[in-house]
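Enquirer: Quick one: this structure, given as structure tokens, is what I'll be asking you about.
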2 protein chains.
Amino acid sequence: MTFSVTSRDGKARTGVLRTPHNEVETPVFMPVATQGSVKALDQDDLAALDAQALLANSYHLYLRPGPEIVEEAGGLHKFMDYGGTLLTDSGGFQVFSLEELRKVDEEGVTFRSHHDGSKHTFTPENVIRLQARLGSDIWTALDECVGWPCTPEKAQDALKRTQRWAERAKEAFIKEKTKSLFFPILQGGLYPELRLEAAKHLLGLEPDGICLGGFSIGEPKELTWSVLEASTAALPEEKPRYLMGMGAAEDLWEAFGRGVDMMDCVWPTRNARNGRVFTRTGALNIPNAEFRKDFRPIEEGCPCPACRRYTRAYLCHLHRVKELSAYRLLTLHNLHFTLGLMREIRAAIKEGRFQQARKDFLSRYE
Amino acid sequence: MTFSVTSRDGKARTGVLRTPHNEVETPVFMPVATQGSVKALDQDDLAALDAQALLANSYHLYLRPGPEIVEEAGGLHKFMDYGGTLLTDSGGFQVFSLEELRKVDEEGVTFRSHHDGSKHTFTPENVIRLQARLGSDIWTALDECVGWPCTPEKAQDALKRTQRWAERAKEAFIKEKTKSLFFPILQGGLYPELRLEAAKHLLGLEPDGICLGGFSIGEPKELTWSVLEASTAALPEEKPRYLMGMGAAEDLWEAFGRGVDMMDCVWPTRNARNGRVFTRTGALNIPNAEFRKDFRPIEEGCPCPACRRYTRAYLCHLHRVKELSAYRLLTLHNLHFTLGLMREIRAAIKEGRFQQARKDFLSRYE
């Protein structure tokens, strides 16, 4: 069994996801290691944080260092020296973000590198091959991403192509005879009926789990949550559900409360580099003048390396003068905060008090 | 006793320097913490490296965060959370590097901030006051720095002013009634006779130690070493000698072999950020194409965090894609290398085999 649900509280659930590298407790937040590194940290830091799973970006790793180097290193785990679960995205989202630099046809997506303008094509088949070469634990299928707003016709066309591509990806996946897991991507715009159709189709491909793509692309949050709810309702209990690219504190409570099992986001890491850190009572902009003489830690009692030794005043100084240590220390704090929140969410679900814990958290945080 | 020589081997010697914060084993290499942080590292890293003493720059800390914030934090040690020896320079070297932005008269140096163009004056008295507010362990005296080449007349004029300023700095130092140490700066251009005169004058001020300034400003290395030798020969055994701003591997052997006790340099840290790392057999430029598929550590057997887990190939990738972790990991390696070399140099002096150890090192390194 790849995935077992271990407890339920309303729509929220805890579970265990077994991958070739470890057993991941869900709900799980996956820090983003775009280029084979969680920005500003190294794998000693990830071990101290007990980060069970990471997302790495196929598009970025394909361009640099390139799959031949990762393959020769013995795969991405060995290249990075990381022993947890690695999930690779399909590259679809990045390629579709290139806008003028890409062209879609039935075969796949042709795009130009954002580094040197060189021309490349991603197809459902070669993206599976790419993930095989990277050696990640969870593979995704190439999908066509649409923006928001989007007409139902355009959303349906993109969904149909995503479905045909998912079928081709599944065939390519079977040929790899791998122990890695296959997670195709559920699309369908922000139309619940298309999401239902997409769910039925994907389940026919016997996936190990389902990626929920095409959210958080500019739509209002109410729409995100209602379409997400319709999507998870259409999926069987036994398949893990991965909501792609979301993970702000409030989003974790909302999405996991609707039966999502996995999320990833640059929220803790990118905000940290911008000087924005999170506490139980909300966010602080550390470079602000108000922190220049604030000799308290970011958050009293936080055991992270930034709070254990340093004051807001010192971190404010480091960030203002652009010392590299600021980016690492604030990243450590924000990931400590986020992964601590995940432990809290899992405990609340197990103990049947998820809704109360959610209310308690949000009332102090907002 | 502030300083005790504990062993001698030719002109080289080991010793113990007692400061208000710790006992520093000499010869010592002091990493540079310009803005109150060794670039890319934090103080957990410095503890793991066993860095006994650091140099911080008065000029930079004066401008940002400013002495009032450091003072309110309880001094630079508390602000940074660092328990070793902190030496602060006089700001003279930085201010004289500003060229068009500064004006010198008998009172002091008036300069414009390189950040915002605001006008400031450093005098021998206020630079001592500044160091008192920073709370560093070793204070230096404002000096007038000349370039190279420089006429004997110009070097002599600058020396005379440096001498008058050192006298004023000493008076100001006495008024502070501090346990911190007073290290005025020996100048005199690259003229041995001026250096001898300067040494006599400074010794009259009863300094705790002597800074050797005005070296490595573009002159040929032979001249550096001959004038350095003339300078240390003019100093009594019991005063610690600090050669400012030098510290490449070969320079450590040359200078400590000539009776220097302390050095500082951005050599390990700045080179690391530029991708240049040091091994027993010389330097490597990690971003070079030759390392893209080199799955060995930077140096076999090196216990630093970079060599313990990662390959040259991974570090090459991280540096090429500008991941912040590259700068930290390579900095850790280079400081491990440099501080390891210091342990080796001290052991060689104690065991009376300094010259042989120097030859062995340089024959493999160059």
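Enquirer: Dividing the convex hull volume of the alpha carbon atoms of the range B:237-308 by its residue count, what do you get in Å³ per residue? Mind dumping the intermediate values first?
Expert: Numbers: hull volume 7.9 nm³, N = 72.
Dividing the Cα hull volume of the range B:237-308 by its residue count gives 110 Å³.
Enquirer: Taking amide H positions as placed in the peptide plane 1.01 Å from N, state which residues far from B:G91 in sequence (5 or more) or on other chains have amide H under 5 Å from it.
Expert: B:S58, B:Y59
Enquirer: Also, quick follow-up: Report the net charge of residues surrounding B:W267, where surrounding means a beta-carbon distance below 15 angstrom and charges are Lys +1, Arg +1, Asp -1, Glu -1. Don't skip to the answer; put the middle values down first.
Expert: Working: positive: B:K39, B:K221, B:R270, B:R273, B:R276; negative: B:E250, B:D251, B:E254, B:D264.
Counting the neighbours of B:W267, the net charge comes to +1.
Enquirer: Could you please rank B:S363, B:S90, A:S180, placing first whichever residue has the fewest other Cβ atoms within 10 Å of its Cβ?
Expert: With the sparsest Cβ surroundings first, the list reads B:S363, A:S180, B:S90.
Enquirer: So, with +1 on the Cβ of K and R and -1 on the Cβ of D and E, and no other charges, what is the size of the charge dipole of chain B about its Cα centre, to the nearest 20 debye? Write out the running numbers ahead of the final one.
Expert: Details: 48 positive and 50 negative charges, 183 e Å.
The calculated dipole for chain B is roughly 880 debye.
Enquirer: Next up: Fewest Cβ neighbours within 10 Å first, please rank B:L55, B:L186 accordingly. Write down the numbers at each step before the final one.
Expert: On the way: B:L55 26, B:L186 31.
Placing the least packed residue first, the sequence is B:L55, B:L186.
Enquirer: How many percent of Cα pairs in chain A exceed 39 Å?
Expert: Working: 9351 of 66795 pairs.
Beyond 39 Å sits 14 percent of the P(r) for chain A.
Enquirer: Which of rounded, prolate or oblate describes the range A:292-361 when judged by the alpha-carbon gyration tensor and an a/c cut-off of 1.5?
Expert: Numbers: a/c = 3.38, a/b = 2.54, b/c = 1.33.
Taking the square roots of the gyration eigenvalues as a ≥ b ≥ c, the range A:292-361 is prolate.
Enquirer: May I ask you to evaluate 6.51 cos²θ - 1.76 cosθ + 1.60, the Karplus curve with θ = phi - 60°, for each residue of the range A:27-39 and list the ³J(HN,Hα) values in order in whole Hz, giving x for glycine and proline?
Expert: Using θ = phi - 60°, the values come out as x, 10, 9, 9, x, 9, 10, 2, 10, x, 6, 6, 3 Hz.
Enquirer: So what's the Cα pair-distance distribution over the protein assembly as shown, bin width 20 Å, in %?
Expert: Final binned percentages: 16, 41, 27, 14, 1.
Enquirer: Between copies, how far does the label point of A:L203 sit from its twins, in nm, shortest first, when each point is 7 Å from Cα along Cα→Cβ?
Expert: Here the equivalent label points are 9.3 nm apart from this one.
Enquirer: In debye to the nearest 20, how big a dipole does the protein assembly as shown give about its Cα centre with +1 on each Lys and Arg Cβ and -1 on each Asp and Glu Cβ?
Expert: Dipole size: approximately 320 debye.
Enquirer: Where both partners of a DSSP beta bridge lie in chain A, what percent of those bridges are antiparallel, to the nearest 5? Could you put the intermediate results ahead of the total?
Expert: Values: 21 of 40 bridges.
For chain A, the DSSP antiparallel bridge percentage is about 50.
Enquirer: Scan chain A and hand back the longest stretch that contains none of the trypsin sites (Lys or Arg not before Pro) lying in DSSP loops with at most 11 other Cβ atoms within 10 Å.
Expert: On the way: sites that count: A:K177, A:K179, A:K322.
Within chain A, the longest run free of exposed trypsin sites (Lys or Arg not before Pro) spans A:1-176.
Enquirer: Using +1 at the Cβ of each Lys and Arg and -1 at the Cβ of each Asp and Glu in chain A, identify which of A:F96, A:P268, A:G75 lies farthest towards the dipole's positive end.
Expert: A:P268
Enquirer: Another question about this same structure. For the range B:1-142, what does the equivalent ellipsoid look like in terms of its semi-axes, each the square root of 5 times an eigenvalue of the Cα gyration tensor, given largest first in whole Å?
Expert: Working: eigenvalues 161, 69, 37 Å².
Taking √(5λ) for each Cα gyration eigenvalue gives 28, 19, 14 Å.
Enquirer: Out of B:Q356, B:Q94, B:Q43, any idea which swings most in a Gaussian network model of chain B, alpha carbons joined below 10 Å?
Expert: B:Q356
Enquirer: By the gyration tensor of its Cα atoms, with a ≥ b ≥ c the square roots of the eigenvalues, what is the shape of the range B:102-219: rounded for a/c under 1.5, prolate for a/b over b/c, or oblate?
Expert: Details: a/c = 1.88, a/b = 1.14, b/c = 1.65.
Taking the square roots of the gyration eigenvalues as a ≥ b ≥ c, the range B:102-219 is oblate.
Enquirer: B:P236 label points, 7 Å along Cα→Cβ, one per copy: pairwise distances from this copy to the rest in nm, shortest first?
Expert: Label-point distances to the other copies, shortest first: 9.0 nm.
Enquirer: Can you tell which of A:A199, A:A47, A:L243 lies farthest toward the positive end of the dipole of chain A, using +1 and -1 charges on the Cβ of basic and acidic side chains (Lys, Arg; Asp, Glu)?
Expert: After comparing all options, I get A:A47.
Enquirer: Note down the relative contact order for the range B:31-137 as a percent, whole number, built from C-alpha pairs under 8 angstrom at least six residues apart. List each step's numbers first, then the result.
Expert: Values: 139 pairs, mean separation 29.5, N = 107.
So the answer I get is 28 percent.
Enquirer: How would B:D137, B:D143 line up from fewest to most surrounding beta-carbon atoms within 10 angstrom? It would help to have the intermediate numbers written out before the result.
Expert: Working: B:D137 25, B:D143 30.
Least crowded to most crowded, the residues run B:D137, B:D143.
Enquirer: For the range B:8-16, in order, what is each residue's ³J(HN,Hα) by Karplus, 6.51 cos²θ - 1.76 cosθ + 1.60 with θ = phi - 60°, in whole Hz (x at glycine and Pro)?
Expert: So the J values, rounded to whole Hz, are 9, 8, x, 7, 6, 8, 9, x, 10.
Enquirer: Looking at the range A:255-333, which GluC sites (Glu not before Pro) are DSSP coil and have at most 13 other C-beta atoms within 10 Å of their C-beta? Working shown, then result.
Expert: Details: sites: A:E290, A:E299, A:E300, A:E323; in loops: A:E299, A:E300, A:E323.
The qualifying sites are A:E300.
Computed from the coordinates by the stated procedures, all read-outs in this text should not be read as laboratory data. Because the structure is predicted, anything quoted here is derived from the model rather than measured. All Cβ positions, glycine included, derive from the backbone under ideal geometry; neighbour counts span all protein chains shown.
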